[in-house]
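Heads up: the structure comes next, in structure tokens.
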Amino acid sequence: MLSCPRNLNAEKRGAAVINLTQEMSERINNALANRTPCLLATASATGEPSLGYKGSVMVFDDGHLAYWERARRGLLDHIEQNPKVAVLYSDLAARTHWRFHGQATVYQTGPIREQIMARTVQAELDRDPERKGYGVVIRVDKITDLLGQVLQQRD
């Protein structure tokens with residue numbers, strides 16, 4: 001994985017951290033090709049919910065997901081109003097499901113945006129030929145299963 005110009009994964013010494021596993025990385029990074037794209041859930045400042053498929057979701061580093069936001073409306077408006085998001089990965093055939101809860105940051109320009117774009121699956125970039133999209137990084141604060149059982153949680 002590419003490293004960020006600043007350490008997005010810096011944590012307090014001794015604090016519980018999120019550690020996205022190799023299995024999570026392999027499944028999420030190949031989700032679009034495997035026909036199991038992630039769903040992103042957001043809410044506006046007034047609590048209006050929205051969700052949408054994001055075929056470009058990737059494991060950015062041990063504690064962060066990222067994706068290429070090419071639509072630049074709807075869900076992005078919600079993130080700018082309320083950065084709390086949830087990402088669902090679900091592979092029904094493999095019976096593997098994770099919910100990632102966290103806070104999103106939008107990168108309209110700069111090196112982090114460029115890193116996300118460079119790692120975005122080609123099928124998603126093809127839908128943004130002018131590369132007007134934004135990079136979005138999600139700091140994962142909690143991972144749960146479908147029953148809500150906490151698998152990992154940041155302090």
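Structure values in brief
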item	result
Cβ-derived FRET efficiency at R0 25 Å, residue 16 paired with residue 126, nearest 0.05	0.05
Pairwise FRET efficiency - residue 153 versus residue 118, Cβ, R0 = 25 Å, nearest 0.05	0.25
The chain, relative contact order in percent, only Cα pairs under 8 angstrom and at least six apart counted	26 percent
Count of lysine pairs in the chain with Cα separation under 19 Å (8 or more residues apart, or interchain)	4
Among 16, 66, 31, residue whose mean-square fluctuation peaks in a GNM of the chain (springs only between Cα atoms under 10 Å)	16
Rounded to the nearest 20 debye, dipole of the range 24-87 from Cβ charges on Lys, Arg, Asp, Glu	240 debye
Convex hull projection area averaged over all views, the chain, Cα basis, nm²	9.2 nm²
Computed [θ] at 222 nm, deg cm²/dmol, the chain (DSSP H ≥ 4; -39,500 (n - 2.57); rounded to nearest 500)	-5000 deg cm²/dmol
Packing-based ranking, highest mean first, of 19-29, 52-62 given that Cβ atoms within 10 Å are counted	52-62, 19-29
Fraction of alpha-carbon pairs over 18 Å apart in the range 40-110 - percent	38 percent
Cβ charges +1 (Lys, Arg) and -1 (Asp, Glu), total dipole of the chain, debye	100 debye
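FYI, it's all coordinate maths here, none of it is from the lab. This is a predicted model, so every value here is computed, not measured. So basically every Cβ, Gly included, is an ideal-geometry build from the backbone, and we count neighbours across all protein chains shown.
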